[in-house]
Every structure is written in C-alpha cells, then in structure tokens.
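Notes follow the structure.
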Amino acid sequence: MSLLTVGTVAFDKLESPFGKTDRILGGAATFIGMASSLLGVKTGIVSVVGDDFPQEYIDLLKSKNIDLSGLEIVKGGKTFFWEGKYHNDLNSRDTLTTELNVLETFEPKVPEAWKTVDVLMLGNLHPLVQQSVLDQMQKRPGLVVLDTMNFWMDCAWDDLMSVMKNIDVISINDEEARQMSGEYSLVKAAHKISEMGPSTVIIKKGEHGALLFQGERRFFAPALPLEDVFDPTGAGDTFAGGFSGYLAKTKDFSFENMKRAIIYGSALASVTVEKFGTESLAELSRERLSERLKQFKELTDFKIEL
C-alpha cells in the first residue's frame, strides 16, 4: 500500500476573522501527505523547497513517516510562498501575495523506489509537470488521481486536456467543474468531464459536502457541521489525501470503496479547518480520527420504510 504525491510544499501566511499567522507550513503535498500517512499508508512526496525551509518542518514531515527522498532543496533558493485573507463567510478569500520562487523552474524527479506505486496523486500544478511525473513511472499506478484549478483551465487548457486522458479520478470544486464543463448542473458537468478522460469525478462543495460520480452512479457525502472553523486552507488537499490514502491502504478501487474513501477524506478535512495550517493534522491521533468517523456515521445513518 503506497501513495506518491507530487505537489507544493510551501509557506503560507493567513488571516481570517479568527486571527492571523506569520509564515507557517503549507502546500498541497504537505496536507495530502500528512493526511494519508495518518491512515498508515506508505507515503512519499515529490516537491521542491529553498534552503530557507526550516529543519523543524522537515523533521515534522519525517515524524509522520513521510518519505522525503523526492523533496528537492535548492541551495540559495526561496520556498514557494502564498499569503491570503479570508472573508467573514470563510468561503471567499483574497490572495495578497504569491511568490513562486523555486517552484517556477521545478522539474520533478521521481526516486527509483517510488516509480511503482498503488496510487499516484497529482496535486495542483501545471499539467505538464503532472504529465512529467506520470511519464517517469515504471508501470502505470493502480489509480491516478488529479487535482487542478481555474488558472490552468485559463492558461494551459490543451496541456490539461492531454493529462486528463491519462487519469482515473479528478477532484475539483463546484466552481472549477462548471468552468471546465460549461455546465451549471453539476450532474451534467460530471458527465462532460468524464468524457474528457477520468472515469470518476469528485466535485467538492466546501461546507456543503462532496459529490462522487462514476457513470450513472452517484454518491453524496455531507460536510460535518462544526462549531469552529478557523482556516479552510488545505481542506481540499487534506480531503484528497484522505481519499487517495484510504484507497491505497485498501487497494480496492471499486465505487463502493470510493464511497468510504470520500468519508475518510471528509473526516480528515473537517479536522484540518479547526486550526490554522497543518496544526490540527500534526496533533491528530488515530483514536480522534475514529471518533470523527463515528460522528460522520451518526450524521448520515438512518432507517426508513419504503
């Protein structure tokens, strides 16, 4: 059971109605890796940072049994940095600063030991970078999951459509699904997107849960109602880490098992948003995760006579 993730390891600076931070650990690969490692999955990261990246963050990732042999450290380079401010509803935000730094010239190199994996998670990067990782694999992974965003749809559409033909699952939010498909109905959007390559489409709706589509089969998982939401940053990546990590752990890529994987992803994401950055994930025990999963079961479990 192995999961390889390509994505960002970064610095984030955040402000929300509940407070603000200095530069803290962030990045898609960070959240995905920490989430999947909590499930006991052999997890590796392919990414890049500068030599300004603190040893304490490297130690934290290693303490979660995340293999960093694919993490390039560029001497004299600066780590990718993003600064954002969330509005009162936490569903919208303003990007204040984006500094690509070492990410601008990133050419991922997959370590030999990671060229054969059960699940490959292609985090939100340029489609050509995602494809280059696929091309380095010795054999096709059992499952390939892709995340993307509006920016790549705007400036790298042809490259995105090319990599879409080589994946099994796409995980995007409702706004991105509508833009990619040109459809307002998320059911129609999922059908159109599946025609582009992936057999399975996940559409995330933030605090309103997530939808899973595969052919004519559909599944909906609600988001857990929470009293306190401090920081949505990384929730989608944590969700992807839980989803792909559970599938890697079970090596069962059926639609029925993907339903369970969606719940694992949702449970982990619900923990992430309760504190800033990776703090909640870093503190999360498997016992507490089990309690959160139990809450999801109670939220959705009912009997009805038909």
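The values are calculated or read from the model by the stated rules, or taken from the named source; none is laboratory data. Worth saying up front: this structure is predicted, and the values here are computed from it rather than measured. Cβ coordinates were reconstructed from backbone atoms using ideal geometry, including for glycine residues, and neighbour counts include every protein chain displayed. To get the accessible areas, we keep the full protein, side chains included, count just its heavy atoms, and leave off ligands, DNA and RNA. Shrake-Rupley method; radii C 1.70, N 1.55, O 1.52, S 1.80 Å.
Tabulated data for the structure shown
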{"item": "Cβ-derived FRET efficiency at R0 41 Å, Glu287 paired with His191, nearest 0.05", "result": "0.50"}
{"item": "Beta bridges per DSSP with both ends in the chain, % antiparallel, nearest 5", "result": "40"}
{"item": "Most to least accessible of Glu305, Glu99 (protein chains only, probe 1.4 Å)", "result": "Glu305, Glu99"}
{"item": "Difference of contour (0.36 nm per residue) and Cα-Cα distance, Asn150 to Met137", "result": "2.0 nm"}
{"item": "Rounded Å value of the spacing that divides the Cα centres of the stretch 107-126 and the stretch 48-97", "result": "18"}
{"item": "Residue order for Tyr86, Tyr57, Tyr184 - accessible surface, 1.4 angstrom probe, largest first", "result": "Tyr184, Tyr57, Tyr86"}
{"item": "Qualifying aspartates and glutamates (Cα of each under 16 Å from Cα of Lys85; at least 8 residues distant if same chain)", "result": "Asp12, Glu15, Asp22, Asp94, Glu99, Asp231"}
{"item": "Rg ratio (alpha-carbon, reference 2.2 N^0.38 Å) - the stretch 64-145", "result": "1.36"}
{"item": "The stretch 157-200 versus the stretch 2-32: alpha-carbon centroid distance in Å", "result": "25"}
{"item": "Over 20 Å between alpha carbons, listed pairs Lys165/Lys192; Lys204/Lys259; Lys204/Lys303", "result": "Lys204/Lys303"}
{"item": "Accessible area expressed per residue, the stretch 1-143, with surrounding protein chains retained (probe 1.4 Å, Å²)", "result": "44"}
{"item": "Viscosity 0.890 mPa s, 25 °C: Kirkwood-radius Stokes-Einstein D of the chain over Cα pairs, µm²/s", "result": "127"}
{"item": "Estimated translational D of the stretch 151-306 in µm²/s (Stokes, Kirkwood radius over Cα pairs; 20 °C; 1.002 mPa s)", "result": "131"}
